[in-house]
């Protein structure tokens with residue numbers, strides 16, 4: 001069963017060994033929020049958000065927040081929520097350039113290289 005959380009324009013999976021609060025904090029960080037902003041929205045203290053982020057950093061073996069988001073994205077723990085919608089739309093979209101149309105016969109032009117002396121003699 002795929003348990004997911006969607007927040008801040010990101011989708012996160014709970015099936016990767018990360019607790020729900022940790023995942024919510026990770027999604028807030030991925031969206032560019034500060035600890036204070038994430039804490040205000042979740043109704044917890046900023047120190048709790050910081051602790052949750054540190055636990056996720058330890059689990060994913062990263063030491064910076066940007067590296068944490070990149071590693072979570074690489075492992076498939078988080079993904080942009082619109083990514084699935086865009087992929088679905090691109091798959092359903094009719095591509096007119098994929099239809100092969102008969103082309104007109106190609107015109108072939110022939111050029112010959114002539115030395116200047118020969119062209120002067122002929123002219």
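Any read-out appearing in this document is the output of simple, stated calculations on the displayed coordinates, not a laboratory observation. The shown structure was predicted, so the numbers you read here are calculated from the model rather than taken from an experiment. Cβ atoms come from the backbone with ideal geometry, glycine included; neighbour counts cover every protein chain shown.
Tallying residues that are under 23 Å from the mean Cα position of the chain (by Cα), within 17 Å of residue 77 (Cβ to Cβ) and surrounded by 14 or more Cβ atoms within 10 Å (Cβ to Cβ) within the range 1-37 yields 20. With respect to residue 68, determine if the residue is in contact (Cβ under 8 Å) with a residue 40 or more places away in the chain, surrounded by 15 or more Cβ atoms within 10 Å (Cβ to Cβ) and assigned to a helix (DSSP H, G or I). Yes: the conditions hold for residue 68.
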